[in-house]
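Take a look at the structure set out below.
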Amino acid sequence: MRIFNFDKDSGREITNFDSKDAIFSRIIQHNKPIHIGCFHIGSEGVVGSHPAAVHQLFLVLNGQGWVVGKEGIQYRIQSGRAAYWEPEEIHESGSEEGMTVIVIIVIEGEDLEPMMTEIEWLEG
């Protein structure tokens, strides 16, 4: 699993068109059709362990929870962070406190190229 940052600090200020206090964080670049969906994970909610059918990018827009990838390590994830799973990678996600107001976007497709800053989260 790879972890990315797309919070305000990782973006760039947009000033054209008289824009003000606007930050743009690049997420993904892709040249083939993709599927974009939204998860709302409730209190003690879990998206159970399963293999990724294709590349998957899991972006947390609000709140916090956890993700697990092939490393088998539970990583605390929050708004402004993203997890990326390779095809066939066994993965799982959820939240203890409830994420009823949480919106999590999953982007799936072949040959995804994340444009965010990758975070080193495993030592060694």
(request) Among what's in region 1-35 and is at pLDDT 80 or above, aliphatic (A, V, I, L, M) and not in a strand (DSSP E or B), pick the residue that is surrounded by the most Cβ atoms within 10 Å (Cβ to Cβ). (result) 1
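Give the residue, chosen from 48, 42, that is over 23 Å from residue 11 (Cβ atoms), loosely packed, with under 14 Cβ neighbours inside 10 Å and modelled with pLDDT under 85.
On the way: 48 fails: modelled with pLDDT under 85.
Of the residues listed, the single one that is over 23 Å from residue 11 (Cβ atoms), loosely packed, with under 14 Cβ neighbours inside 10 Å and modelled with pLDDT under 85 is 42.
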(message) Looking at residue 92 and the list (1) over 16 Å from residue 115 (Cβ atoms); (2) of a type in the set (Asp, Glu); (3) not in a strand (DSSP E or B), which single condition is not satisfied?
(response) (3)
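What residue, of 48, 65, is free of Cβ contacts under 8 Å to residues at least 60 places away in the same chain, within 20 Å of residue 122 (Cα to Cα), assigned to a strand (DSSP E or B) and among the small types (Gly, Ala, Ser)? Explain how you work it out, then say what you get.
Numbers: 48 fails: within 20 Å of residue 122 (Cα to Cα).
When all the criteria are applied, what remains is 65.
The values are calculated or read from the model by the stated rules, or taken from the named source; none is laboratory data. Keep in mind it's a predicted model, so treat the numbers as computed, not measured. Cβ sites come from the backbone with ideal geometry, for glycine too, and all protein chains shown count toward neighbours.
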